[in-house]
Each structure stands twice: as C-alpha cells, then as structure tokens.
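This report refers to the structure that appears directly beneath it.
Only the coordinates and a few stated rules stand behind these numbers; no lab work does. Keep in mind that this is a model prediction, so the values were computed, not measured. Note that each Cβ is placed from the backbone with ideal geometry, even for glycine, and that neighbours are counted across all protein chains shown.
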Amino acid sequence: MNLLNTLTKKAPWLNRYATMYIAWVIVFLSFSSASILVVLSNATAVSCAFWRVFLASLMLWSARLLRGGVRGFSALNRATAYSILAGLFLAIHFLLWMESLFLVPVAVSTTVVVTYPLLSVLIDRIVFKENLYPLQIVGLVAGFIGVFLFMQPWVLGAYNSYGVLLSFGGAIAAACYFSLGRSIRRGASLTGYTLPAYTSASVFLLVYALVSGEELINYPLQAYLCFILLALIPMVGGHTLVNYMLRYVKTSVATSIALAEPIGASILAYFILNQQLDLSKVLVMTITLSSIAAVIIQEVRSKSELT
C-alpha cells in the first residue's frame, strides 16, 4: 500500500482518484483467482481458509518487522478489539464461502457471495446513519430475489441449494467484516487493522479445525502451492487493498469491484475447471449483479466519495 502512496508522490498527476482505479484493477485480478485456487487445491474449506489468512499474516508481519518492528502497536484497546472481531467475521466469511464452492458452480457461488455491498448499504444505514435512496431499495430487493432464484431447481439443476445458503452466509459475514474495517480504518493504520484482523482470523480457524477434527497439514505439494497463492494474490493483493481503500471511500464503494469478480471467476472456471454456464444461470447472474450496480451507482451519485 506504500507503493500506491509512493506513486502518487512521485507522479503528481496520479491523484487519489487514479490511485483508487489502479487499486480496483489489482483487486479484480486478485479476487477472480480465489475460487479457482480453492477448487484446484482439493483441500477442505477450513484448510484453504486457514492457510490463506495464516500465510498472509506471516507475510504482513514479516514486512512490518523488516520496516522497523512493531512500534505503533499498543496494548489491547478498542480498535484492536474491533479488529479481532473483524477477524472473526473474516474467518466465517471464508469458511462458509469456500465450502459453497464444493457444492455449487463457481459462477453461482461468487455471484451470491458478492452481494455483500448490498448488505453493507444496510449496515451503513443502521450504524453510520447514512441515507437509503429509492434506487438502492429497488436494488436490494432485486439482489435478494436473485439469491432466491439461484436456489431454484431450474437454475441450480443437480447442484445443492445448501451451497447457495452457505455463500449468502459468507456474504453477510463479509459485509460485517468490511463495515467494521471502515469504522476502524478511520483512526487506525492499515497494518494496525489488518495484522490483528488476519492473525485473529487464523486463530479462530485453527481452533475450529482442532475442535471439528479437520485436517490442516497432510496435503500434497499442489495444495500447498494453492495455499501460498491464495495468501499472496487474493488476500494480500485483494483484501488488503480493499482495506486500504476503506480509509477514503464508503464500504459499498470500496467493495464495488466485487461486481466484476463473478465474471472473471466464471471465465477462469470455464477454461480451467470446465464449468459450463447455461442461460438460466447467466440470466440470474445478470439480475443480481445489476442490482448491486444500481446500489453502488446511487452511492456514488449521492455525494463525493473521496475525502
């Protein structure tokens, strides 16, 4: 994230708007690969979730130590406590969503899980007392209709509708995670938030794995390669950049790149996993993603987003 700040300082024409667009492109490319890597790992959902956040934590802690140790970190305070709570929601998000990838196609799972900007608008309304506009209400209703349609046999076919519920549960957890992040990032540095959040998420997932008896270690080399890529690309290159943007824009705007994730993931799933898309799935995907777009467009129109 220092790289983006450095680019802005060295190139005056590269203002914060341009920096945000660069970040969005990187996040899109990063997020699109996540579901593919999970499926290719042939590991359990909890293993993919644990290694993703644990290795990402190691990478960020290593970078922090190389830059001057842990100065700036204080004892447990309100921001740290909220960061740990955010880590719990992050762990739940990954666990539910990754499990859904083994029950429904990548296109369906990613489209449902990216409804979290819709839920973020509701949270922003309740917590931050922000306005909810008519277009956003229409978008919310249409988005939830899209999720309901995904559970219908004529759309899912032989797949398990439980996977849709898991993915939607992952969306709820993601909305809570990002909304907490927005609140925390108003007064905390990027690493001051992400380090306790990612570290606590890995601890929560480790405890869950131990209690449930899930295997975390005995996997082939291909699985560990996928774990490393999950930590490096969608976690550090995706989630961490979104957390960077939360300091400057609303939650729903920072997470708006989610709109493109199902498209990128579906294309990759077609070529790599040989997952086909029929007309019914494309239709419901269009309804759901259009509803999210309507909500975000209204957010942008309501007022200037960058501070």
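As a rough footprinting exposure proxy, the listed residues LYS129, LYS250 were ranked by other beta carbons within 10 Å of their own, and the order from fewest upward is LYS129, LYS250. Segment 79-154 and segment 188-212 have Cα centres spaced 20 Å apart. A simple spin-label model places the labels of LEU132 and SER62 4.5 nm from each other, with each point 7 Å out along Cα-to-Cβ. Taking amide H as placed 1.01 Å from N in the peptide plane, GLN275 has its amide H under 5 Å from the amide H of TYR270, each at least 5 places away in sequence or on another chain.
Take the Cβ atoms of GLU215 and ASN77, set R0 to 25 Å, and the FRET efficiency comes out at 0.10. Sequence-distant contacts, meaning Cα pairs under 8 Å at least 6 residues apart, place the relative contact order of the chain at 37 percent. PRE reach from LEU40 (point 7 Å along Cα→Cβ): which of segment 205-224 fall under 17 Å by backbone N? Only 220-224 fall inside the zone, counting backbone N under 17 Å.
Spin-label model, TYR159/VAL207: points 7 Å from Cα along the beta carbon direction are separated by 3.3 nm.
Peptides 54-62, 94-102 ranked from most to least packed by the mean count of surrounding Cβ atoms within 10 Å: 94-102, 54-62.
Each stretch of four or more DSSP H residues adds -39500 (n - 2.57); spread over every residue of the chain, this sum gives -23500 deg cm²/dmol at 222 nm.
Would you mind ranking THR44, THR288 by Cβ crowding within 10 Å, fewest neighbours first? Write down the numbers at each step before the final one.
On the way: THR44 20, THR288 26.
Ranking THR44, THR288 by Cβ neighbours within 10 Å, fewest first, gives THR44, THR288.
Taking mean projected area of the Cα convex hull in nm² as calculated from this structure, the corresponding entry among (i) 16.3; (ii) 18.6; (iii) 19.5 is (i). Charging the Cβ of each Asp and Glu at -1 and of each Lys and Arg at +1, and nothing else, the dipole of the chain about its Cα centre rounds to 1280 debye.
If R0 is taken as 22 Å, the Cβ-Cβ distance between PHE144 and ALA293 corresponds to a FRET efficiency of 0.90.
Simple rule: put +1 on each Lys or Arg Cβ and -1 on each Asp or Glu Cβ in the chain, find the dipole, and look at VAL25, LEU140, LEU65; the Cα lying farthest toward the positive end is LEU65.
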